[in-house]
Amino acid sequence: MMIAPAFLGQFSEEVTPGKLRTAFKALGFTGMVEVALFADILTLKEALEFDAHIQQEGDFQLTSCCCPVWIAMIRKTFHELMPHVPGAVSPMVACGRMVKKIHPGAVTVFAGPCLAKKKEAREEDIKDAVDYVLTFQEVKDIFEAADIHPEELAEAAKEHASKAGRLYARTGGVSRAVAEMVAQLRPDRSIAVRARHANGTKECMKMIKDIKEGNTEANFYEGMGCVGGCVGGPKAILDVEEGTKNVDQYAENSAFQTPLENPYVLKLLEELGLETVEELLEDTLLTRDFREGV
Ligand code: SF4
């Protein structure tokens, strides 16, 4: 089971990440992986892309990770901006591919608050990664039907993502993660990340209009299809305020501040056969050609 970063507290306050892992195992899953760990890796990739492409004032980057609604909007309606979107897969796809690489033959199931992820998983060039997509609501219904009560189960905790990856679940999280990563990777850089983010499709449209008309000073743009980000997704169980509060708290409690400090990230890079983080820019498992399948 691959669980979206917005999962904190969605199945009740008592259901900790460790209890949720035990509940999925009781359902028959081999294990539970937090997709936030792959958000960590994509943060590193986005930071490296920023460093490679933002060379002078006026250059800018639109984030490629996470939200399929934002990406579809740019690909279909504002195609001329695609050269500013790095060719990266989403954390969900990165997670699915990595699980299948480490455990050949594994069936991968993603659960999140999002309906658009069901469509993303079927896109031609990335359909190898995720076999099934469930919503949090569907997972809750399955637990009820199977008479499994996660809050009563034992803990099976594992430390995985850094603060950066955990924040992806809320608007502004990607920008903050990438800005901090660029500052850590390239402390002497003359142009820092100046981020702007948009909440919901209406704000995304307005932000794109401002970019096209030159009415913005930012150089890194993050769009989220739902107001509040994924915690405001259509199939989130909690309301957006509570979901955000839980995610922020989980991020603050992380043992690692950035992906570079996270030993699990470094272990995964090793599994990918990468000797330096810079090689992430070329890695095919995490890279996507957005010109395909439009
Ligand atoms: S912001 Fe909404 S549409 Fe975008 S990935 Fe999150 S839940 Fe899905």
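The values are calculated or read from the model by the stated rules, or taken from the named source; none is laboratory data. For clarity, every value in this text was computed on a predicted model and none was experimentally measured. Every residue, glycine as well, gets a Cβ built from its backbone with ideal geometry; the counts of neighbours run over all protein chains shown. Remember, those area values only see protein heavy atoms, side chains included, never the ligands or the DNA or RNA. Shrake-Rupley method; radii C 1.70, N 1.55, O 1.52, S 1.80 Å.
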On the protein heavy atoms, probe 1.4 angstrom, tell me the percent of accessible surface of the chain carried by carbon and sulfur. 52 percent
Taking the Cα atoms only, what angle lies between the long axis of helix 17-27 and the longest principal axis of the chain, rounded to 10 degrees? 60 degrees
Share of Cα-Cα pairs in segment 18-117 lying beyond 22 Å, as whole percent: 43 percent
With respect to the cross-link table entries LYS118/LYS202; LYS25/LYS101; LYS45/LYS140; LYS119/LYS212, which display a Cα-Cα separation exceeding 30 Å? LYS45/LYS140
Assign unit charges at the C-beta atoms only (+1 for Lys and Arg, -1 for Asp and Glu), then state the dipole size of segment 61-170 relative to its Cα centre in Debye, rounded to the nearest 20. 540 debye
Any idea of the accessible area per residue across the chain, 1.4 Å probe, to the nearest Å²? 44 Å²
Over 10 Å intervals from 0, what percent of Cα-Cα pairs in segment 86-240 sits in each interval? 9, 28, 37, 19, 6, 1
Calculate the dipole size of segment 1-148 relative to its Cα centre from +1 charges on Lys and Arg beta carbons and -1 charges on Asp and Glu beta carbons; express the result in debye to the nearest 20. 460 debye
Grab the DSSP H runs of the chain that are 4 residues or longer, score each as -39,500 (n - 2.57), total them, divide by all residues and round the 222 nm result to the nearest 500 deg cm²/dmol. -12000 deg cm²/dmol
Rg to Rh ratio, the chain, alpha-carbon atoms and Kirkwood radius? 0.95
Normalised by the number of residues in the chain, what is the relative contact order in percent for Cα pairs under 8 Å and 6+ residues apart? 29 percent
